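Accompanying notes for the structure given below.
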Amino acid sequence: MRARTVKAWFALVGIGLIAVVLAGAVASVIARRLTAPIDRLTDTARRIGEGDLGSFAAPSGVPEIDVLATTLNASARQIASMIDRERRLSAEVSHQLRTPLTGLRLELETARASDAGFATNLDRALATLDRLDDTITEVITLTRDLPGGQTVVLDDVLSDVQRRWHGVLAAVNRPLRVARGDAGTASMSPAAAGQIIDVLVDNARAHGRGTVTIATRRLDGAVAVDVCDEGAKLVAEPHELFRRHPGSDGHGIGLPFARRLAEHEGARLVVSRPDPPTFSLIIPVDPSGSTDRAS
């Protein structure tokens, strides 16, 4: 009886030891399964923090960890998009600022060369300076803000454009006509809309002639802002007009910049008519119908 009892106890102890070993092995496997994805996630976060924004966390099969990985990947993509936006806009910034600076220089040189009409020339110079200030503000906004969720009241943008360009075009005997339709609210940042229309008006000033007309029209699910002048028929292919080929004076940057900015905002910039030369900015209509202007 004693011998059988001892054997039974040894058997129980052996079974217990086997159970402990198996439990330890299972726990080790589970721990590795849980810690390995966390280690990979930590390594990915470290690489992103060091500037490698192309690093992304792969799915691990653990739902809780995958949620964190998805959030980290989305943040990395957003940061990469913002940095890429700033880098790619840096070249266009000089072009956008050069136009009002050139106008300001011309106004001041004219005022210096002639005593007659000094006050008028000075007023024009101050108006150009105001336009430069607006341009700087909008460019800074564009380089820092990501698109998405912003809306613009187009009548407000057209009023700003008319204020900025009326004097500039009048100085070269070029009338500016703004035909406001039922434009309403569109899905685009106000800064982007203003910069794109500025580029189109400046393009009409530099390469066209006669009256510059800005008009809006409703489309199915979108609104179009047309900018045209009375210049010669466009003979170049549209893709050539929007292909960047800057010369030494910086020309050839404006239209490519405007199209890329429009596409970045979910809009389109096209040549709607070659004669008279007409460029159209087509913006999706704000589905919410909100009229609140984005800040």
* What tally of residues in segment 42-80 results from selecting those that are over 30 Å from residue 264 (Cβ atoms) and of a type outside the set (D, E, K, R)? -> 6
* Candidate set: segment 183-220, residues that are over 21 Å from residue 150 (Cβ atoms) and among the polar types (S, T, N, Q); chosen: the one surrounded by the fewest Cβ atoms within 10 Å (Cβ to Cβ) -> 211
* Structure fact -> Listed by first then second residue, the pairs whose first member lies in segment 166-182 and is within 15 Å of residue 209 (Cβ to Cβ) and open to solvent by 100 Å² or more (accessible area, probe 1.4 Å), whose partner is of a type in the set (Ser, Thr, Tyr) and not in a strand (DSSP E or B), with beta carbons under 7 Å and at least 6 positions apart or on separate chains, are 177/211
* Asked: Has segment 56-70 got any residue that is assigned to a loop (DSSP other than H, G, I, E, B), in contact with a helix residue (DSSP H, G or I) (Cβ under 8 Å, 6 or more places away or on another chain), buried (at least 18 other Cβ atoms within 10 Å of the Cβ) and at pLDDT 70 or above?
  -> yes
* Restricting the search to segment 39-55, which residues are modelled with pLDDT under 75 and open to solvent by less than 40 Å² (accessible area, probe 1.4 Å)? -> 53
* Can you give me the number of residues within segment 5-55 that are under 47 Å from the mean Cα position of the chain (by Cα) and small (Gly, Ala, Ser)? => 7
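The values are calculated or read from the model by the stated rules, or taken from the named source; none is laboratory data. Since this is a predicted model, take the numbers as computed values, not measurements. A quick note on method: Cβ atoms are made from the backbone with ideal geometry, for glycine too, and the neighbour counts reach across all protein chains shown. The protein model used for the area step is the full one, side chains on, heavy atoms only, and it has no ligands, DNA or RNA in it. Shrake-Rupley method; radii C 1.70, N 1.55, O 1.52, S 1.80 Å.
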